Amino acid sequence: MTDTTYEEARRCPKCTFPGDLIKKTLAPQTATRGAQLHHFRCMNERCKWFEEICRIVQVNPDGSIPPPLTKRDKQFPAVPDLSKQVNESLERQLAAELSGGAELNR
């Protein structure tokens, strides 16, 4: 007997044991209108995630489950390299502290 998409989606990623449905919530507005999020808890006592939420699965109003979006580009902004500016600021502060007579910013 083969698993359905829902049965596959509710399995714990660590132990592949089917999780127990513990709650249903409405999906955020970015998801399909009327979709629900099903929260599953792993009940395998030998699993590292025992009694923890192991999966949250989106279920569309028609009962379908969208494929996971695991292979997409990161959408985080690039962090600028400030090391040169920080080092220059530290050098100025060190020079001011060692020369004497200068006011320090705190």
Original post:
Residues in region 92-104: is at least one in contact with a helix residue (DSSP H, G or I) (Cβ under 6 Å, 6 or more places away or on another chain) and either at negative phi or of a type in the set (Val, Ile, Thr) (or both)?
Top reply: yes
**OP:** Could you check, for region 69-86, whether at least one of its residues is surrounded by 12 or more Cβ atoms within 10 Å (Cβ to Cβ), modelled with pLDDT under 90 and either part of a loop (DSSP other than H, G, I, E, B) or among the aromatic types (Phe, Trp, Tyr) (or both)?
**Re:** no
**OP:** Return the total of residues in region 26-51 being assigned to a loop (DSSP other than H, G, I, E, B), within 17 Å of the chain's Cα centre (by Cα) and surrounded by 13 or more Cβ atoms within 10 Å (Cβ to Cβ).
**Re:** 3
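The values are calculated or read from the model by the stated rules, or taken from the named source; none is laboratory data. None of these values were measured; they are calculated from a predicted model. Ideal geometry is used to build each Cβ from the backbone, glycine not excepted, and the neighbour counts take in all protein chains shown.
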